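Notes follow the structure.
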Amino acid sequence: MLAFSPPSSSANPILDQILENRHAQDGLVLTYFCDKRLRIDPIVITNVIRVFYKYNRGTDVKTELDYIRRILLNRGYVDGTDMYLSADVFLYFLSCLIEANTTAPEIRSLSEPTAAALREYVGRRGDSFAVSARVLACQKLGVNVQSDLEYLKELQECDGGWETGWVCQFGRSHKKIGNRGIPTAWAIKALEHEAQP
């Protein structure tokens, strides 16, 4: 829904279904539409918030936004999540939420804590997916990331692409899901952004 922007008439029934799929105890949107997989993931919830704000329904996900704020302020993202291996991915999607909602004060208030968290990660090594996510997040929030840009260039392979980055993992088995396409696309996007005057 974020990528293809269907009209509200198509999106709203899906958003309603997402709201009905909340955990009975804490009231947070679940990762899966399945009674047997009652999992909550902060990165998935961040993207749920993004799509609700995109369709002017941010008030419907206030509980989720409060949860994400607590995760950010209490550093609940530092070890990644059950599905995503890196804190950088959480901060990236949070930066996307902030960048897209500059007029919403409840979102704008997340900007400085997110930028501060990103500053702590600048200069850390990681795979191509984590580093490209961090660079893009820093660029969105105006955090100096020059050292990571240089490292990202070092990770480029001789065929022009980037190494396999570990995008996510299965929750139960923890088998990693790797990909070259996403890190390559994100790295190119980061380098293009840096090249702009």
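Any read-out appearing in this document is the output of simple, stated calculations on the displayed coordinates, not a laboratory observation. Here the structure is a predicted model, which means the values were calculated and not measured. Glycine also receives a Cβ, built like all others from the backbone with ideal geometry; neighbour counts cover every protein chain displayed.
Can you list residues from other chains, or at least 5 along the same chain, whose modelled amide H is less than 5 Å from the amide H of Trp162?
Placed amide hydrogens put Glu157, Thr184 under 5 Å from Trp162.
Quick one, what does Rg over Rh come out to for the chain if you take C-alpha atoms and the Kirkwood Rh?
Reported Rg/Rh (Cα atoms, Kirkwood Rh): 0.97.
Across the range 107-119, in residue order, what do the Karplus-derived ³J(HN,Hα) couplings come to in whole Hz, using 6.51 cos²θ - 1.76 cosθ + 1.60 with θ = phi - 60° and x for Gly and Pro?
With the stated coefficients, the range 107-119 comes to 8, 4, 5, 7, 4, 5, x, 5, 4, 4, 5, 5, 4 Hz.
So what are the ³J(HN,Hα) numbers for the range 32-46, from phi and the Karplus equation (6.51, -1.76, 1.60; θ = phi - 60°), rounded to whole Hz, Gly and Pro as x?
Taking θ as phi minus 60°, the curve returns 10, 8, 8, 5, 9, 10, 7, 10, 10, 10, x, 6, 4, 5, 4 Hz for the range 32-46.
Just to be sure I understand: with springs between alpha-carbon atoms less than 10 Å apart, which residue in Ile68, Ile107, Ile177 has the highest mean-square fluctuation in the Gaussian network model of the chain?
Of Ile68, Ile107, Ile177, the most mobile in the Gaussian network model is Ile177.
Starting from the Kirkwood Rh over alpha-carbon pairs, what translational D in µm² s⁻¹ does the range 108-195 have by Stokes-Einstein at 20 °C and 1.002 mPa s?
For the chosen part, D equals 158 µm²/s.
What are the radius of gyration and Dmax of the range 1-84, computed over its Cα atoms and given in Å?
12.9, 38
If R0 is 22 Å, what FRET efficiency do you get for Ser109 and Phe4 from their C-beta distance, rounded to 0.05?
Once rounded, the FRET efficiency stands at 0.15.
For a quick protection proxy, order the peptides 94-102, 178-186 by their average other-Cβ count within 10 Å, most packed first.
My ranking of the peptides, most packed first, is 94-102, 178-186.
Could you give the dipole magnitude of the chain about its Cα centre, charging the beta-carbon of Lys and Arg +1 and that of Asp and Glu -1, in debye to the nearest 20?
So the magnitude is around 360 debye.
Between Thr63 and Gln25, how many nm apart are label points set 7 Å from Cα along the C-beta direction?
The answer from the label model is 1.4 nm.
Take peptides 69-76, 129-136, 1-8 and line them up by average Cβ neighbours within 10 Å, highest first, as a rough protection proxy.
129-136, 69-76, 1-8
So between Glu120 and Ile14, what do we pick up on full extension, going 0.36 nm a residue minus the alpha carbon distance?
Taking Glu120 through Ile14 to full extension adds about 34.5 nm, to one decimal.
Which residues' amide hydrogens lie under 5 Å from the amide hydrogen of Cys168, considering only partners 5 or more residues apart or on another chain, with H built in the peptide plane?
Correct list: Ile177.
With θ set to phi - 60°, apply the Karplus curve 6.51 cos²θ - 1.76 cosθ + 1.60 along the range 133-141 and write out the HN-Hα couplings as whole Hz, x wherever there is a Gly or Pro.
Karplus values, whole Hz, x for Gly and Pro: 4, 5, 4, 4, 4, 4, 4, 5, 9.
Evaluate E = 1/(1 + (r/R0)^6) for Asp35 and Lys176, where r is the Cβ-Cβ distance and R0 equals 30 Å; express this FRET efficiency to the nearest 0.05.
Efficiency computed from Cβ-Cβ geometry: 0.65.
Looking at the chain as a GNM with Cα springs under 10 Å, which of Ser86, Ser111, Ser173 has the largest mean-square fluctuation?
Looking only at Ser86, Ser111, Ser173, the biggest GNM fluctuation is shown by Ser173.
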